[in-house]
Amino acid sequence: MTFRITKATVGATVGTALEWYDFSLYATASALVFPAVFFPTDNALTATLASFATFAVGFFARPIGGVIIGNLGDRFGRRQMLFLTLILMGASSTLIGLIPSVAAIGMAAPILLIVLRVLQGFGAGGEYAGATLLAAEHSHEESRGLNAAIPGAGNAAGALLATGVLTLLSTTLSQDAFLAWGWRIAFLLSIAVCVVGVVIRLRVPESPEFVETKAEGKVTPVAIRELFRSAGRRIPLAMLASIGPNVASYLPSVYAITYLTTIVNAPAWIGLTGILIGNLLKFVTIPAAGWISDRVGRRPVFLAGAIGAVILVYPFFFLLNTGTPLLIWIALVLIFTFCNDAMLAAQSGFMSELFDVRYRYTGVTFSREITGALVGGTLPFVAAALTAAAGGAFWLVALYCVALMILAAIGMYFLPETRTLAGAHPKEPAGAA
């Protein structure tokens, strides 16, 4: 049994790492490459906002993909959907690397970019939830938090690989060569990543909880309808809680990269290096947070990350403004790694226990991905606009992020603790949502 759990968790995590390479690659490129290649203009802010708008488009496709893939996953199984998400991400990312620039084909270039970004988002909408559920549903109840959290480290591995490839290309090539063709190499590698991911996931068995539910004839054909009928009160609070990981991830990993280069005038390598360091640390912090959540509960770990982010947002920007590499790296790691990972790891185990197996995939994707679209996808764009409105100062952005993190903490606070109910549909305590 232990070997089976390890095999499922590792398979889900490696597949997620390979798939998140594609999604993370777009995030970094939207800050460093796409403004010049697809939205060239004399106004740097306009180009950046246009690029971040396409970044947001992928997030608005994620809820659609998440609900559709989640419903199919609750009906036909988690494993099959993870093949679909991997192929969608790999194919769309590879094709992005083949899009000619605006100089070559005009407005058709950004249109093609948006279409492929939508396909990316559609696939990503069902990926993370499916991977965490596959790992969690293969695990023993006493280690479910750890197993569910580990695919989050796969996200970090994919992001690390994407950032590393782009950093290598941007530092070994001239700026002109990198913008002309160098960045494309990173996207074209997606086809190889996709093939390796499919091979690995072929070795992962289906979720035993889903197999048991199907054998008992309890699979529902329209999971989202059953979700709202049976657990509708939990959904708004779960959506609020999902705000936290989105803010603590995309503020440092996407917007801060632009902030450092355009406001602080720091070289791009400083921010990229900080993200590399943060992602390396995630191989320890995410499993550790998941392990701790198995012992003290999901809610305390999540709330520690959310409250920590509230406290650290203003110091985060002060450290960025120093322009000193070491202080910038400390700022990025505090938010991107410690605060984010506490919330992300706890949320993974929490979500796998919050909803019944009959509509669990749908419940997780619905709660995560709509919030991801409204908050995560728009955060770089909104942050850039708020910074411009404040004349380059950060206080408006910091205030916005603090408000969002408080909402996340409120959402988690009013949800029931699920650790002692691992694997079961948690009963509503008196007065709880």
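The values are calculated or read from the model by the stated rules, or taken from the named source; none is laboratory data. From a predicted model like this one, the values you see are computed outputs, not experimental measurements. Neighbour counts run over all protein chains shown; Cβ positions are idealised from the backbone, glycine included. For accessibility, only protein heavy atoms count, side chains too; no ligands or nucleic acids. Shrake-Rupley method; radii C 1.70, N 1.55, O 1.52, S 1.80 Å.
Identify, from the list T378, T337, the residue that is under 20 Å from T28 (Cα atoms) and surrounded by fewer than 23 Cβ atoms within 10 Å (Cβ to Cβ).
Step by step, each of T378, T337 is checked, and only T378 is under 20 Å from T28 (Cα atoms) and surrounded by fewer than 23 Cβ atoms within 10 Å (Cβ to Cβ).
With out of contact with any Phe, Trp or Tyr (no Cβ under 9 Å at 6 or more places or on another chain), assigned to a helix (DSSP H, G or I) and β-branched (V, I, T) as the only criterion, which of I277, I311 stands out?
I311
For the subset of the stretch 128-170 comprising residues that are of a type in the set (S, T, N, Q) and in contact with a Leu (Cβ under 9 Å, 6 or more places away or on another chain), which member is farthest from S293 (Cα to Cα)?
By that ranking, first place goes to S170.
Search the stretch 279-332 for residues being open to solvent by less than 50 Å² (accessible area, probe 1.4 Å) and of a type in the set (F, W, Y), and hand back the single one that is farthest from T418 (Cα to Cα).
Across the stretch 279-332, the extreme among qualifying residues is F317.
Just one of (1) part of a helix (DSSP H, G or I); (2) under 26 Å from the mean Cα position of the chain (by Cα); (3) surrounded by 15 or more Cβ atoms within 10 Å (Cβ to Cβ) trips up A192, so point out which.
(3)
State whether the residues of the stretch 146-158 include one that is open to solvent by 10 Å² or more (accessible area, probe 1.4 Å) and farther than 16 Å from S348 by Cβ.
No.
Somewhere in the stretch 154-169, is a residue part of a helix (DSSP H, G or I), free of Cβ contacts under 8 Å to residues at least 60 places away in the same chain and over 23 Å from I277 (Cβ atoms)?
No, that holds for no residue.
Go through the stretch 98-142 and give me each residue that's surrounded by fewer than 16 Cβ atoms within 10 Å (Cβ to Cβ) and within 13 Å of the chain's Cα centre (by Cα).
Of everything in the stretch 98-142, nothing turns out to be surrounded by fewer than 16 Cβ atoms within 10 Å (Cβ to Cβ) and within 13 Å of the chain's Cα centre (by Cα).
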